[in-house]
1. Give a residue-ordered list of calculated ³J(HN,Hα) values for the range 75-89 (Karplus: 6.51 cos²θ - 1.76 cosθ + 1.60, θ = phi - 60°; whole Hz; x for Gly, Pro).
2. By count of other Cβ within 10 Å, fewest leading, how are C292, C255, C231 ordered?
3. What is the fewest-to-most order of F341, F229, F288, F2 by other Cβ atoms lying within 10 Å of their Cβ?
4. Classify the range 286-437: rounded, prolate or oblate, from the alpha-carbon gyration tensor (a ≥ b ≥ c, eigenvalue square roots; a/c under 1.5 rounded; otherwise prolate if a/b is larger than b/c)?
5. Using the Cα centre of the range 1-119 as the reference point, and only Cβ charges (+1 on K/R, -1 on D/E), how large is the resulting charge dipole? Debye, rounded to the nearest 20.
6. Quick one: net charge of I404's neighbours, Cβ under 9 Å, K/R +1, D/E -1?
7. Under 5 Å between amide H atoms, partner at least 5 residues away or on a different chain: which partners does V66 have, H built in plane at 1.01 Å?
8. Can you tell me the dipole magnitude for the chain around its Cα centre, using point charges on the Cβ only (Lys, Arg +1; Asp, Glu -1), in Debye to the nearest 20?
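Readers should treat all values here as calculations from the given coordinates under stated rules, not as data from a laboratory. All figures in this text were calculated on a predicted structure; none of them were measured in a lab. Neighbour counts run over all protein chains shown; Cβ positions are idealised from the backbone, glycine included.
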Amino acid sequence: MFTRDLRVRDNPMLAAAVCADAIVPLFVLDEAMAAGWHGAPNRRRFLYESLRDLDATLRSLGAPLVVRHGEWVEEVAGIARAVDATRVHLARDVSGYARDRVRRLAARVGSVQLVEHPGVTVVSSGELRTGSGDAFKVFTPYYRRWLAAPWRRPVSVPERLVAVPDARSDYVPDPASVRDTARDVVAGGEQAALARLQRWASSSLAHYADRHDDLAADDTSRISAALHFGCLSPLEVAGRLRDRAGGEPFVRQLCWRDFYHQLLAARPELASRDLRQGGPWLDDDAGFSAWCAGHTGFPVVDAAMRQLLTEGFIHNRARMIVASLLTKDLAVDWRRGADWFMRHLVDGDVANNQLNWQWVAGTGTDTNPHRIYNPQRQSERFDPDGTYIRRYVAELASVPGAEIHDPSPETRARVGYPLPIVDHREAIEQYRARRRS
């Protein structure tokens, strides 16, 4: 059955399942997940597009996708009984929720064998351990081990699928029926993701090391959502690109993804608990609301937060800038920011999102937990001409030159743009004082 592996290329779950006489290619629209973060409109639209694309590909191979709506364990167990299944194949995931529902399914299906397969990460979570047998908490030694580890070989697309006859299927909702989505959400599905990756790798991979932090260039791959939903195999992406010009720094980012997945697999409570002590946090509801809306008075921060609302995406450098402002300047608990991201990001992923937030907030794996991002300096360095700011903050489109990074009070009044909600220097002094106390 499909979970976070909505593809046919390099899908170990599917490759193993087709060894049976007949299969039910199943996906359950989990009602519990739909009620939480994963029911966010941007992600639902991407998911529905991905399911429709997967169904079309599976049909061409001989077996349509079977979709069921309801409680995940009940639906999987029910169809296993209905078709007299002997095995249920699925991809191994890392979140506490995913692990819990597999345990509940195992208890429910009795003699039916559950077989879990790799495919969500490049190197399977738990495969690499420190000398003491623990999960890695520091990236660099993990990266060295990850590079040296043997990677599994990608599996081929099945030539033909044989479907169990008359397996009842519900419908895949129309992506266009999803309301309140950002207007420029990236398209879902394996075919769209493959085309996107090919175009980007041909035009931009060679320059990745020099351009990946350039906010205005917007020259990143935009495959993060496809990786989260499994429309692309991270192993296949890494294997195809690592030996090409520009491939090493890009593949290093895939290792960061694996790093966070292996840590969450070992410590599922990190989805909501600090790895290291943080805070104290302040209940600045007004500041948090301004941050969410992109009205903080810091142009690069507001550009990023409005990009989120427009596209369901934020450039990675900008994610760090906005997270630093929220947790260090405003002293708002990182969990509030992480929750807002998960409600809007198409690529919202528990491992990556929560642990990246902890990294910036100083409660996670950063060996320098007091790292500060000065929004004006970041803006001047990574958006020197202000192109990124002008793209998303309409009020500032006419502000000339370097003033775009910190408009004068007179300019702000003239164009209707707010003063900064906090003095950065004073806020950081207060942050340091709180940490000392």
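1. For the range 75-89, the Karplus-derived couplings read 5, 5, 4, x, 6, 4, 5, 4, 9, 6, 5, 9, 9, 10, 9 Hz, x marking Gly and Pro.
2. Values: C292 18, C255 21, C231 28.
The fewest-first ordering by Cβ neighbours comes to C292, C255, C231.
3. Final ranking by Cβ density, sparse to dense: F288, F341, F2, F229.
4. Oblate, because a/c is 1.5 or more while a/b does not exceed b/c.
5. 180 debye
6. -3
7. L26, F27
8. Values: 58 positive and 56 negative charges, 201 e Å.
Taking the Cα centre of the chain as origin, the dipole is about 960 debye.
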